[in-house]
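Report on the following structure.
Bear in mind these aren't lab numbers, they're just calculated from the coordinates by the rules spelled out. Only a predicted model underlies this, so the values are computations on that prediction, with no experimental measurement involved. Reconstructed Cβ throughout: ideal geometry from the backbone, glycine too, with neighbour counts over all protein chains shown.
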Amino acid sequence: MSEFQAYLQLGFDHITDSNGYDHILFIIALCTIYTLIDWKKVIILVTAFTIGHSITLALATLGLVSVNPAVIELLIPITILITAVLNFFHTTPKSSYIKEKSYSPRYPLALTFGLIHGLGFSNYLRALLGKEADIVEPLLGFNVGLELGQLIIVFVVLSIAFAAIELFRLSKLRWNDILSGIIVGMAISLIINNQLFREILGLSVN
């Protein structure tokens, strides 16, 4: 296995690892309002997120940007919470003949939140690299691995949504509310149990 393939596998394993489900939660929150028939919109949305986290992943891994990891660990569940809450305000046209507006604030939001998640990915990658001199190939491989894992998550979420809405006739609104509600609850739990958050509130950390 080449170095590129090794880091590609590490990137894929990192984004799909259930132990680090915060990134998975964000991807799900981002795609909750869509199904497979909206795949073009999802590609644009995921691309915006990809651009964002690719930028900071590269900058932070190269040592050009440095942010306290504790701050990033708190900001990531906050991005999940904001994205899931915004899902409740999404409106879908009642008629399939009415097109939704082409511009959505979700795109710049995904780009911005991608910058934050990229910093989270970089902490893991830098720990793997150590003092390795050449990091271009590992960085590229890791990023490609992240994207492959991310696309699989998106496909699974959209497929489940399609089955629930198109086959089992669950309304889009009900699907959105149920899934977004679950994500909001999990995001709040992550925030409340975050060490930095508890320190800010003056709560004891066990």
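Over the chain, what is the relative contact order in percent, taking alpha-carbon pairs closer than 8 angstrom and at least six residues apart?
42
Within the listed set PRO108, PRO138, PRO77, the residue fluctuating most in the Gaussian network model of the chain (springs between alpha-carbon atoms under 10 angstrom) is PRO108.
Of the two radii for the stretch 131-185, the radius of gyration is 1.29 times the Kirkwood radius, both from the alpha carbons; that is the Rg over Rh value.
Computed from the mean reciprocal separation of all distinct C-alpha pairs, what Kirkwood hydrodynamic radius does the chain have, in Å?
Numbers: mean 1/r = 0.0556 Å⁻¹.
Its Kirkwood hydrodynamic radius stands at 18.0 Å.
Between VAL65, VAL184, VAL85, the Gaussian network model of the chain with springs among Cα atoms under 10 angstrom shows the greatest mean-square fluctuation at VAL65.
Give me the number: length gained by fully extending SER189 to LEU148, i.e. 0.36 nm times residue separation minus the C-alpha to C-alpha distance, one decimal in nm. If you can, show how the numbers build up before the last one.
On the way: separation 41, 0.36 × 41 = 14.76 nm, distance 2.80 nm.
Taking 0.36 nm per residue and subtracting the Cα distance, the gain is 12.0 nm.
The slack in the chain from LEU62 to ASN123, taken as 0.36 nm per residue of separation less the alpha-carbon distance, amounts to 20.8 nm. The residue among VAL67, ILE15, ILE78 whose Cα reaches farthest toward the positive pole of the charge dipole of the chain, with charges on the beta-carbon of Lys, Arg, Asp and Glu, is ILE78.
R0 = 22 Å: FRET efficiency of PHE162 with ILE43, Cβ-based, nearest 0.05?
Values: r = 16 Å, r/R0 = 0.71.
Once the sixth-power term is evaluated, E becomes 0.90.
Cut-off 10 angstrom, C-alpha nodes, Gaussian network model of the chain. Which of GLU147, GLU73, GLU166 fluctuates the most? Its mean-square fluctuation being the largest, the pick is GLU166.
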